[in-house]
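All remarks here apply to the structure that follows.
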Amino acid sequence: MCIPVQVYSPCTNGNFNGQSHTRKLAPIIRPIAPRIDRVIPVPLYWIRRFQRGFNQNDILARELAKSLELQYDRNLLKRTRHTGSQARTPEAHRAKNVAGAFRVRGRPDLSESGILLVDDVLTSGSTAQECAAALKRAGAREVWIATFARAGLVHSSKIIPSN
């Protein structure tokens, strides 16, 4: 089951501060925290991370895990190839763009684990679905998706179940 949690909170003055962003999201996620065993970021491809100098999803996931007192694991999921920006990819091609682009590293015991996957922006949901599928294949019981913005939508602070 994937549940996008959306709180729109732009960067202020060009500065990216994970604490200010997660302060708004943590209270929304707190009710489901007992079902979560690990908090993980959507990974960037290594070249993109090197160019940018950081992974904003990593910062957000780490701060969210700290705020909720949950285990944080930035190395569980790996992006295996460069996929380009989903926001710049035509909607009809987004699922194909990320198909097979994520895998779980090693052979961790995820049996019956609840995972909170953190992404900064949800566009079509294809990246989240592909990451969740890789985690489920590795044994995760359920995968929750926390996003800080939803492309094309206005402010929302509700947990929205997806079917």
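So here's what we get for this one:
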{"item": "Calculated FRET value between E112 and H82, using beta carbons and R₀ = 30 Å, to 0.05", "result": "0.35"}
{"item": "Inter-label distance, nm, simple model (7 Å from Cα along the C-beta direction), A99/R35", "result": "3.0"}
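Read-outs: derived from the displayed coordinates by stated rules, not from any lab. The structure displayed is predicted, hence computed values, not measured ones. Glycine also receives a Cβ, built like all others from the backbone with ideal geometry; neighbour counts cover every protein chain displayed.
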